[in-house]
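First the structure, in the form of structure tokens, and then the observations on it.
The values are calculated or read from the model by the stated rules, or taken from the named source; none is laboratory data. Worth saying up front: this structure is predicted, and the values here are computed from it rather than measured. Neighbour counts run over all protein chains shown; Cβ positions are idealised from the backbone, glycine included.
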Amino acid sequence: MPDDLTTLPPGGGDGGASRETKLADALSERYLAYALSTIVSRSLPDVRDGLKPVHRRLLYAMHQLKLDPTAGFKKCARIVGDVMGKYHPHGDSSIYEALVRQAQEFAARYPLVEGQGNFGNIDGDNAAAMRYTEARLTEVAQALLDGIEENAVDFRATYDGEEKEPLVLPAAFPNLLANGAAGIAVGMATSIPPHNAGELCAAALELVRDPQASLDTLLRHVPGPDFPTGGILVESREAIREAYATGRGGFRHRARWDVEPLKNGTWQVVVTEIPYQVQKSRLIEQIAQLMEEKKLPLLGDVRDESTDVVRLVLEPKSRTVDPKVMMETLFRATALESRFPLNMNVLDADRTPRVMGLKEVLRAWLDHRHVVLVRRTEHRLAAIARRLEILDGYLIVYLNLDEVIRIVREEDKPKEALMATFSLTEVQANAILDMRLRALRRLEEMEIRKEHRKLSAEQKKLQGLMKSEKARWDAIGEELEATRQKFGAGALGNRRTTPGEALPDVVVDVLAHVEKEPITVILSEKGWIRAQKGHLPADAELRFKEGDALHLAVHAMTTDRIVLFATSGKAYTLKADAIPRGRGDGQPLRLMVEMTNEDAVVEMFVHAEGAKWLLASTDGKGFVVKGTDLLAEKRTGKQVMLVEPGREACVCTPAEGDTVAVVGDNRKLLIFPLDQVPEMARGRGVQLQAYKDGGLADAKVFTRKEGLSWKLGDRVRVETELKDWRGNRAGAGKMPPNGFPRSNRFE
């Protein structure tokens, strides 16, 4: 049998027969089935109720257990057992974790479960075991379930076919955006931050009044996320608008802090709210570790004075420090500022995953509410019709009481006789025969007539509702307003996150607080970097690992920034005070910056304001770049020179002078004016020298009057008569003067 074929086992759809299929086809078919199952049945929320299957099953199981907000609590173990046994055939730990998260006030903006017992805390401590904790539904969850007994949504058979479960909840509460969602499926993910329910209802009302309302109109009601832990949103309004328009983006979220004055002019900063999903204990550990590594030079101490309310105390190194500058350094280095991504990838009403913007999400929820209203109205009309049919039969009894009694007493088949005599339906006849004698009282007749009038009026109203789409949307608007009043105010509904504030204009110069002292930065051939105290002489004895040797060394100050230019054309920046000190071997450079094993450092130097550098690659292309364009604060560096495949950057030399000298592997020297080389911030550059074979060996910028110099052993030779080698850029050049190094390098 060929390698790419496999035999399917008996028991398939072919009546037990075997068939051959390609392995790739079999694998792709099974993987696609797995992927679809993960996407639809596990990881992505439904846009209509904002729930994943496990959460929906939890709420429905609790509803079946009658754990309403006014009822008593039940053990979580009982709830988890019901969910697992009836609806969700997965592990109990995952079900309990989902239950716990819905009960945590710091995790869910509008908790769907009210917990009793230890449900964890913001420090990251886990909840107690499910046998110790109890739970019941909240009013928010009850709003999600409202109407589920009134044929508002479709049901399907559970995994074992013994029960029924809802495909979606009626969702009278905008749960998807209000509580947010996060999940990772196969090939796609979702990440939605929590929002304020009152603001969402206001935006939805705007859409009810004007279905063509613009995104800007909606954003007047929804200025941004509203995290349960409070904090301050520091994203620009333009970025927020773009995120809500496309359904993709992110929000920067900062801790809330205040300055507390102390005695003798001292002060401390108190953090009262931290970013969403940041564990307080880990945050403190991170700050303490950075202090130990001397990466927070302005911070003197950190203390946790929290009770059930967050209170982190940050003490400055000295009272002369500006609080704003100190906090800005903390925001940049720690989780006191975090970015929450937005990826509104959800299942639409057809169970199709797609990314929606804010307006689409609200529109989908409103359309679902319209479907629910129609279905509940139809269900109620059918119930009213059934009841009115019975009441009409009762009224016939009261009008013909004696005849009805005679038929019941004397006829052998009273039901058929009643139906024939009074033109009754079978339902009416059965209801009359099931009446108790006490129901024949005059008072009971009056109650029945009263109920008949009331139901008839309700029926007429609902029939009018079904005939008018405008009336239905008006009814939905009234529901939205009621939801806004109920959940959009008070301790639960008031906005907690301050929205839309621009980043404060704070200039942070951390280096101003670093003690300035001379160091020598040493880079070995195998990529180990370290700094030794003082400016070591060129002939100083340096120790390296066995098989390693010196590659580059520069004199610097601890307040300097060290720039490294690599063969990949990328530039990296290191703070001199962050380079490991001492007489040891140092640290691999690749742990400090993201360089591949194929890359090597071409040049290492101290950044100086106003400096310019000539960059060149082995194919002879190059350009001049400003020193500031080589600075890159990120570990990933900055791609400055674009290098062709199979080539690499080989020259980074100071552009100090007016003339360029280039020499190729073919040992030909060319000299031309520096102004023929363009200044660029990024690119491939222009051809500096032409070659038939080989490429560029070295390049140097010098002052024409002073002459071209190169090293010959321990001495330096200067050549001033250079007219034989002068030309224009991209020329071939000539053989260099006698005595030029065989290495084809100037230094």
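Of all residues in segment 699-722, those being of a type in the set (A, V, I, L, M, F, W, C), more than 59 Å from the chain's Cα centre (by Cα) and surrounded by 14 or more Cβ atoms within 10 Å (Cβ to Cβ) number 1. Taking first residues from segment 126-144 that are in contact (Cβ under 8 Å) with a residue 60 or more places away in the chain and partners that are of a type in the set (Phe, Trp, Tyr) and in a helix (DSSP H, G or I), the Cβ contacts under 7 Å between residues at least 6 apart in sequence or on separate chains come to 140/487.
Return yes when residue 643 is surrounded by fewer than 18 Cβ atoms within 10 Å (Cβ to Cβ) and outside the structural domain of residue 590 (by TED's automatic domain parsing) and no when it is not. Criteria not met by residue 643. In this structure, residue 565 does satisfy being touching a Cys at 6+ places or on another chain (Cβ under 6 Å), surrounded by 14 or more Cβ atoms within 10 Å (Cβ to Cβ) and among the hydrophobic types (A, V, I, L, M, F, W, C).
In segment 435-442 there is at least one residue matching the filter, namely being touching a residue at least 40 places away in the same chain (Cβ under 8 Å), not in a helix (DSSP H, G or I) and not polar (S, T, N, Q).
Within segment 371-390, does at least one residue satisfy the condition of being under 37 Å from the mean Cα position of the chain (by Cα), surrounded by fewer than 18 Cβ atoms within 10 Å (Cβ to Cβ) and touching a residue at least 40 places away in the same chain (Cβ under 8 Å)?
Just the residues of segment 371-390 that are under 37 Å from the mean Cα position of the chain (by Cα), to begin with: 371-376.
Next, from what is left, pick out any that are surrounded by fewer than 18 Cβ atoms within 10 Å (Cβ to Cβ): 371, 374-375.
Still in the running and touching a residue at least 40 places away in the same chain (Cβ under 8 Å): 374-375.
Yes, segment 371-390 has at least one match.
Among residues of segment 270-299 being more than 29 Å from the chain's Cα centre (by Cα) and buried (at least 17 other Cβ atoms within 10 Å of the Cβ), the one that is modelled with the lowest pLDDT is 297.
Hey, does segment 300-313 have a residue that's over 16 Å from residue 270 (Cα atoms), crowded, with 16+ Cβ neighbours inside 10 Å and either modelled with pLDDT of 95 or more or not hydroxyl-bearing (Ser, Thr, Tyr) (or both)?
From segment 300-313, those over 16 Å from residue 270 (Cα atoms) are none; that's our starting set.
There is no residue in segment 300-313 that is over 16 Å from residue 270 (Cα atoms), crowded, with 16+ Cβ neighbours inside 10 Å and either modelled with pLDDT of 95 or more or not hydroxyl-bearing (Ser, Thr, Tyr) (or both).
In the condition set (1) outside the structural domain of residue 561 (by TED's automatic domain parsing); (2) at pLDDT 90 or above, residue 502 is compliant with all but (2).
Each row is one residue, and each column tells you yes or no for (1) modelled with pLDDT of 90 or more; (2) over 26 Å from residue 564 (Cα atoms).
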site: 642; (1), (2): yes, no
site: 647; (1), (2): yes, no
site: 657; (1), (2): yes, no
site: 686; (1), (2): yes, no
site: 695; (1), (2): yes, no
site: 724; (1), (2): no, yes
site: 743; (1), (2): no, no
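Step by step: first the residues of segment 534-558, then only those that are among the aliphatic types (A, V, I, L, M), part of a strand (DSSP E or B) and farther than 30 Å from residue 619 by Cβ, then the one that is modelled with the lowest pLDDT. Which residue is that? Only one residue fits best here, namely 557.
In segment 411-434, which residues are outside any helix (DSSP H, G or I) and under 19 Å from residue 384 (Cα atoms)?
Taking segment 411-434 first, the residues outside any helix (DSSP H, G or I) are 411-413, 423-425, 434.
Of everything in segment 411-434, those that are outside any helix (DSSP H, G or I) and under 19 Å from residue 384 (Cα atoms) turn out to be 424, 425.
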